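**Student:** After the structure tokens below, expect a handful of questions from me.
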């Protein structure tokens, strides 16, 4: 029996506001020790958010990497979660921190790293990265 609600649903509902509650997880069949090298990497090359000051769109790539423990993120729910930033005003640095913390809270991995590679604005690219560790957040 699965706890997943979004995957396989007949009609996909796209969120219109930031929606961390949409994230879903499933049981990892290969739980890791903190010394293992089973790393999950997810690349999201079509990320869109809004500048919280100008409301202009920001485009970029979000890269997520984590050493799983008991759970893995379900990819359709992750896609919809990332889509929920589309109308959410948020600086680039806040975006990567929100994503890292929401996923860390859901999955409780040994560690997670989230990096944003955003298109230039005013001739400057901003590529923030955050890494959270189980030992430092307990």
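Where a number appears in this text, it was derived from the coordinates with a stated rule and is not lab data. All of these numbers come straight from a predicted model, not from anything done at the bench. Methodologically, a virtual Cβ is constructed for each residue, glycine included, from the backbone with ideal geometry; neighbour enumeration extends over all protein chains shown.
**Student:** Rank 47, 104, 91 by mean-square fluctuation in a GNM of the chain with C-alpha springs under 10 angstrom and give only the top-ranked residue.
**Tutor:** 91
**Student:** Using R₀ = 25 Å, calculate the FRET efficiency as 1/(1 + (r/R₀)^6) where r is the Cβ-Cβ separation of residue 87 and residue 108; round to 0.05.
**Tutor:** With a Förster radius of 25 Å, E is 0.30.
**Student:** Return the calculated 222 nm mean residue ellipticity for the chain, to the nearest 500 deg cm²/dmol, obtained by summing -39500 (n - 2.57) across DSSP H runs with n ≥ 4 and dividing by the residue count.
**Tutor:** -6000 deg cm²/dmol
**Student:** Is the shape of the chain rounded, prolate or oblate, going by the alpha carbon gyration tensor and its root eigenvalues a ≥ b ≥ c, with a/c under 1.5 for rounded and a/b larger than b/c for prolate?
**Tutor:** It is oblate, given that a/c is not under 1.5 and a/b is not larger than b/c.
**Student:** Here is a further query. Taking only C-alpha pairs under 8 Å that are 6+ residues apart, what is the relative contact order of the stretch 20-137 in percent?
**Tutor:** Relative contact order for the stretch 20-137 comes out at 28 percent.
**Student:** Out of 56, 70, 115, any idea which swings most in a Gaussian network model of the chain, alpha carbons joined below 10 Å?
**Tutor:** Largest GNM mean-square fluctuation: 56.
**Student:** Separate question: List residues of the stretch 45-67, by number, whose backbone nitrogen lies under 18 Å from a label position 7 Å along Cα→C-beta of residue 36.
**Tutor:** 65-67
**Student:** If you don't mind, another one. Any chance you could give the angle, 0 to 90 degrees and rounded to 10, that helix 92-107 forms with the longest Cα principal axis of the chain?
**Tutor:** On a 0 to 90 degree scale, this one is about 20.
**Student:** Sort 58, 102, 36 by Cβ crowding within 10 Å, fewest neighbours at the top.
**Tutor:** Exposure proxy ranking, most exposed first: 36, 102, 58.
**Student:** In what order do 51, 90 fall by count of nearby beta-carbon atoms within 10 Å, going from fewest to most?
**Tutor:** Ranked by crowding around the Cβ, least crowded first: 51, 90.
**Student:** When the chain is fully extended, how far beyond the present Cα-Cα distance does residue 134 get from residue 59, taking 0.36 nm per residue of separation?
**Tutor:** 24.0 nm
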